[in-house]
Amino acid sequence: MKVVISGFFGAGNTGDEAILESMIDNLREEIDPINITVFSLCPEETSRKHQVKSIYRGWRRDFLKKIQALREADLLLSGGGGLLQDTYSTKFLFGPLPYYLLIVFLAKLCGTKVMFFSQGIGPIETRWAKILMKIFANMADFITVRDEFSKDLLIKLGINKPKTVVTADIVFAFKIKQDDACYKSLPLTGKEKIIAVSVRPWFRHHQAFQVLADALDELIEKDQFTPVFVPMEGEHDRIQSEKVMGLMKNRDKCYILNTDFKPHQYLYFFRHAKIAIGMRLHFLIFAAKMGTPHIGISYDPKVKNFLERTGLWCYSFSMENLEKQRLLENFRAILMEKQNVKMKLTKSIQDLQQEAKRNIYLMKENFL
């Protein structure tokens with residue numbers, strides 16, 4: 001079987017790279033033989049990392065190579081991740097949403113079947129984005145989405161031709177590899193109580209960074225915790241981590257992991273964390289996979305949807321409602337109830353891993 005994978009790959013986003021690695025590993029485990037081509041912003045690196053054929057994903061070059069790959073493929077897998085949203089502006093045929101939909105259109109012109117794979121849909125709020133979705137998303141042959149919100153939004157947008165099934169983010173099927181490179185890179189003694197922290201650039205609610213900084217200061221002073229920032233999107237997240245640290249009195253007691261670790265290395269770091277507090281969805285998924293209690297700061301519906309599925313939304317916050325005292329109360333409550341939380345997480349993760357694998361089983365069922 002020949003498959004082309006289209007997504008936000010080769011851009012240094014740990015979550016998206018974990019999606020790709022999980023897709024490739026699980027496809028190879030379930031389908032033999034399989035020939036995989038990936039559209040990537042850094043095709044040479046993607047090809048080297050995963051032993052796949054890779055083609056530059058943008059329109060500026062290799063257009064004919066993309067056409068050829070799609071013509072030869074049995075299936076285009078669009079996803080996973082949150083590709084179809086207009087948080088980043090959609091201008092006529094420019095922006096993330098038009099790009100991924102035009103790849104779908106191109107595949108259909110080439111006679112290739114299309115599956116939206118483990119996608120998180122939305123938010124989609126502009127009239128033009130809704131029109132594009134209704135036209136091009138209805139061209140897909142089959143859709144799996146990672147949460148009920150995404151399925152409901154597709155129905156609301158009038159995407160009713162392809163069958164849509166709710167599964168889970170494919171990263172829940174990520175294969176854990178023992179590699180302690182992240183932890184060993186830090187000058188720690190082994191006695192620290194680590195809080196893994198994730199912040200990311202966002203367009204609004206900057207006051208949340210001050211709230212987080214003040215809460216971390218208190219946890220350092222009163223509870224002797226050691227915050228370690230995990231930059232899930234390279235320099236972008238490192239800069240935001242430094243902004244939070246710059247607001248802290250105890251910044252010298254914090255650490256930031258380097259930006260060049262691999263997804264499985266960041267994932268394995270969570271075995272050392274007592275708790276995780278963060279914004280990034282895949283940061284929280286990594287914490288959940290390693291059984292680490294976590295508090296989410298939801299900047300996007302996908303974060304809340306995930307936390308509701310793991311049962312930890314009751315400890316978490318929307319970004320605009322983040323308050324220092326409540327954050328500290330929830331932090332201490334989740335640690336007091338740690339055994340119950342871990343039991344809840346174990347059951348949730350087992351279910352979500354099975355749902356993640358269903359993406360592959362449904363693909364086989366519909367296209368093999």
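Output the residues belonging to the range 73-89 that are over 13 Å from residue 20 (Cα atoms), in contact with an Asp or Glu (Cβ under 9 Å, 6 or more places away or on another chain) and open to solvent by less than 10 Å² (accessible area, probe 1.4 Å).
Matches in the range 73-89: 75 only.
Could you figure out which of (1) in a helix (DSSP H, G or I); (2) in contact (Cβ under 8 Å) with a residue 24 or more places away in the chain isn't true of residue 238?
Going through the list (1) in a helix (DSSP H, G or I); (2) in contact (Cβ under 8 Å) with a residue 24 or more places away in the chain, residue 238 breaks only (2).
Are any of the residues in the range 173-185 crowded, with 22+ Cβ neighbours inside 10 Å and farther than 22 Å from residue 16 by Cβ?
Scanning the range 173-185 turns up no residue that is crowded, with 22+ Cβ neighbours inside 10 Å and farther than 22 Å from residue 16 by Cβ.
Give the residues of the range 121-141 that are part of a loop (DSSP other than H, G, I, E, B) and either modelled with pLDDT of 95 or more or open to solvent by 50 Å² or more (accessible area, probe 1.4 Å) (or both), sorted by residue number.
Here is the first cut: in the range 121-141, the ones part of a loop (DSSP other than H, G, I, E, B) are 121-126, 140-141.
If the condition is that a residue be part of a loop (DSSP other than H, G, I, E, B) and either modelled with pLDDT of 95 or more or open to solvent by 50 Å² or more (accessible area, probe 1.4 Å) (or both), then 121, 125, 126, 140, 141 are the ones that fit.
Does the range 64-72 contain at least one residue that is open to solvent by less than 30 Å² (accessible area, probe 1.4 Å), assigned to a loop (DSSP other than H, G, I, E, B) and not hydrophobic (A, V, I, L, M, F, W, C)?
Step one: list which residues in the range 64-72 are open to solvent by less than 30 Å² (accessible area, probe 1.4 Å), which gives 66-67, 69-70.
Add one more test, that the residue is assigned to a loop (DSSP other than H, G, I, E, B), and what stays is none.
Scanning the range 64-72 turns up no residue that is open to solvent by less than 30 Å² (accessible area, probe 1.4 Å), assigned to a loop (DSSP other than H, G, I, E, B) and not hydrophobic (A, V, I, L, M, F, W, C).
Residues checked against (1) within 28 Å of residue 49 (Cα to Cα); (2) of a type outside the set (A, V, I, L, M); (3) open to solvent by 20 Å² or more (accessible area, probe 1.4 Å):
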site	(1), (2), (3)
229	yes, yes, no
235	yes, yes, yes
238	yes, yes, yes
275	no, no, no
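Return only the number of the condition from (1) closer than 29 Å to residue 16 by Cβ; (2) acidic (Asp, Glu); (3) assigned to a helix (DSSP H, G or I) that residue 260 does not satisfy.
Residue 260 satisfies every listed condition except (3).
If only one of 105, 117 is among the aromatic types (Phe, Trp, Tyr) and open to solvent by less than 40 Å² (accessible area, probe 1.4 Å), which one is it? Quick ask: steps written out before the conclusion?
Working: 105 fails: open to solvent by less than 40 Å² (accessible area, probe 1.4 Å).
Exactly one of 105, 117 is among the aromatic types (Phe, Trp, Tyr) and open to solvent by less than 40 Å² (accessible area, probe 1.4 Å), namely 117.
Quick one: residue 215 ticks every box in (1) in a helix (DSSP H, G or I); (2) surrounded by fewer than 17 Cβ atoms within 10 Å (Cβ to Cβ) bar one, so which box is it?
(2)
Kindly list the number of the only condition in (1) within 25 Å of residue 365 (Cβ to Cβ); (2) assigned to a helix (DSSP H, G or I) that fails for residue 3.
All conditions are met except number (2).
Of everything in the range 243-257 that's in a helix (DSSP H, G or I) and out of contact with any strand residue (DSSP E or B) (no Cβ under 7 Å at 6 or more places or on another chain), which residue is least open to solvent (accessible area, probe 1.4 Å)?
Going through the range 243-257, the residues in a helix (DSSP H, G or I) turn out to be 243-246, 251-253.
Narrowing the set further to residues that are out of contact with any strand residue (DSSP E or B) (no Cβ under 7 Å at 6 or more places or on another chain) leaves 243-246, 251-252.
Numbers: 243: 112, 244: 0, 245: 30, 246: 45, 251: 116, 252: 112 Å².
Per the criteria, the residue is 244.
Among the residues of the range 90-102, what is the count of those that are aliphatic (A, V, I, L, M) and open to solvent by 30 Å² or more (accessible area, probe 1.4 Å)? If you could, list the steps in order and put the result at the bottom.
So in the range 90-102, the residues aliphatic (A, V, I, L, M) come out as 93, 97, 101-102.
So of that shortlist, the ones also open to solvent by 30 Å² or more (accessible area, probe 1.4 Å) come out as 93, 102.
Residues meeting the conditions: 2.
Among residues belonging to the range 12-48 that are among the β-branched types (Val, Ile, Thr) and over 19 Å from the mean Cα position of the chain (by Cα), point out the one that is nearest to residue 107 (Cα to Cα).
Residues of the range 12-48 among the β-branched types (Val, Ile, Thr): 14, 19, 24, 31, 34, 36-38, 46.
Next, from what is left, pick out any that are over 19 Å from the mean Cα position of the chain (by Cα): 31, 34, 36-37.
Values: 31: 22, 34: 19, 36: 15, 37: 13 Å.
Among residues in the range 12-48 that are among the β-branched types (Val, Ile, Thr) and over 19 Å from the mean Cα position of the chain (by Cα), the one nearest to residue 107 (Cα to Cα) is 37.
Tell me, which residue of the range 149-159 that is open to solvent by 10 Å² or more (accessible area, probe 1.4 Å) and at pLDDT 95 or above is nearest to residue 360 (Cα to Cα)? Give the derivation first.
Keep residues of the range 149-159 that are open to solvent by 10 Å² or more (accessible area, probe 1.4 Å), which gives 149, 151-153, 155-158.
Of the ones still in play, those that are also at pLDDT 95 or above are 151-153, 155-158.
Values: 151: 18, 152: 22, 153: 23, 155: 23, 156: 26, 157: 26, 158: 26 Å.
Result: 151.
The values are calculated or read from the model by the stated rules, or taken from the named source; none is laboratory data. From a predicted model like this one, the values you see are computed outputs, not experimental measurements. Counting neighbours? That spans all protein chains shown, and the Cβs are built from the backbone with ideal geometry, glycine included. These accessible areas exclude ligands, DNA and RNA; they are computed on the full protein's heavy atoms, side chains included. Shrake-Rupley method; radii C 1.70, N 1.55, O 1.52, S 1.80 Å.
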